[in-house]
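Here's the structure, in structure tokens; my notes come after.
The values are calculated or read from the model by the stated rules, or taken from the named source; none is laboratory data. Just so we're clear, the structure is a prediction, and the values are computed from it rather than from any experiment. Cβ atoms come from the backbone with ideal geometry, glycine included; neighbour counts cover every protein chain shown.
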Amino acid sequence: MYAVIKTGGKQYKVAVDDEIFVEKLEGEAGDKVTFDEVLAVSADDGITAGADLKATVTGEIVSQGKNRKVTVLKYKPKKGYRRKAGHRQPYTRVRVTAINV
């Protein structure tokens, strides 16, 4: 059994005991999370999708991504100075515990 959920503007295909990285969620490690926006559910009798689908996916926060310092690379070999600033998006690692249909 699997489900397709939407969170953080992205869609994820999840099954029970999967660990996924999603956009940062509020909470600490060990907190329960419920995803209400379930787009489709696949079970033994087939795939169910649509606006009338009343399903939820519950999970547990495994770890929170930390806000990392912006990486700045500097380079000047022969007078052509280049500087590049990087970005790291903070993520939350979630373990899916149940798919409720």
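Between a first residue in region 70-93 that is under 18 Å from Gly9 (Cβ atoms) and a second residue that is part of a loop (DSSP other than H, G, I, E, B) and aliphatic (A, V, I, L, M), which pairs have beta carbons less than 6 Å apart while being 6 or more apart in sequence or on different chains?
Once the first residue is under 18 Å from Gly9 (Cβ atoms) and sits in region 70-93, its partners that are part of a loop (DSSP other than H, G, I, E, B) and aliphatic (A, V, I, L, M) give Thr92/Leu25.
For region 50-68, name all the residues that are surrounded by 13 or more Cβ atoms within 10 Å (Cβ to Cβ) and farther than 13 Å from Val101 by Cα. If you could, list the steps in order and put the result at the bottom.
Initial filter on region 50-68 (surrounded by 13 or more Cβ atoms within 10 Å (Cβ to Cβ)): 53, 55-65.
Those that are surrounded by 13 or more Cβ atoms within 10 Å (Cβ to Cβ) and farther than 13 Å from Val101 by Cα: Gly59, Glu60, Ile61, Val62, Ser63, Gln64, Gly65.
Are any residues in region 69-101 out of contact with any Gly (no Cβ under 9 Å at 6 or more places or on another chain) and surrounded by 10 or more Cβ atoms within 10 Å (Cβ to Cβ), and if so, which ones? Spell out how you get there, then give the answer.
Taking region 69-101 and keeping what is out of contact with any Gly (no Cβ under 9 Å at 6 or more places or on another chain), we get 69, 74-87, 99-101.
Answer for region 69-101, where residues must be out of contact with any Gly (no Cβ under 9 Å at 6 or more places or on another chain) and surrounded by 10 or more Cβ atoms within 10 Å (Cβ to Cβ): Gly86, Ile99, Asn100, Val101.
Tell me yes or no: at least one residue of region 67-77 is assigned to a loop (DSSP other than H, G, I, E, B) and among the polar types (S, T, N, Q). Before the answer, list the steps.
Here is the first cut: in region 67-77, the residues assigned to a loop (DSSP other than H, G, I, E, B) are 67-71, 76-77.
Now drop any that are not among the polar types (S, T, N, Q), which leaves 67, 71.
Yes.
Being modelled with pLDDT of 80 or more and closer than 24 Å to Ile20 by Cβ is the filter here, so list the residues in region 51-77 that pass it.
Within region 51-77, Leu53, Lys54, Ala55, Thr56, Val57, Thr58, Gly59, Glu60, Ile61, Val62, Ser63, Gln64 meet the criteria.
For region 15-33, state whether one or more residues are surrounded by fewer than 16 Cβ atoms within 10 Å (Cβ to Cβ) and more than 17 Å from Arg93 (Cβ to Cβ).
Looking for residues that are surrounded by fewer than 16 Cβ atoms within 10 Å (Cβ to Cβ) and more than 17 Å from Arg93 (Cβ to Cβ), one finds none in region 15-33, hence no.
Any residue at all in region 40-49 that is in a loop (DSSP other than H, G, I, E, B) and either buried (at least 16 other Cβ atoms within 10 Å of the Cβ) or aliphatic (A, V, I, L, M) (or both)? Can you show your working first?
Taking region 40-49 and keeping what is in a loop (DSSP other than H, G, I, E, B), we get 44-45.
Of the ones still in play, those that are also either buried (at least 16 other Cβ atoms within 10 Å of the Cβ) or aliphatic (A, V, I, L, M) (or both) are none.
There is no residue in region 40-49 that is in a loop (DSSP other than H, G, I, E, B) and either buried (at least 16 other Cβ atoms within 10 Å of the Cβ) or aliphatic (A, V, I, L, M) (or both).
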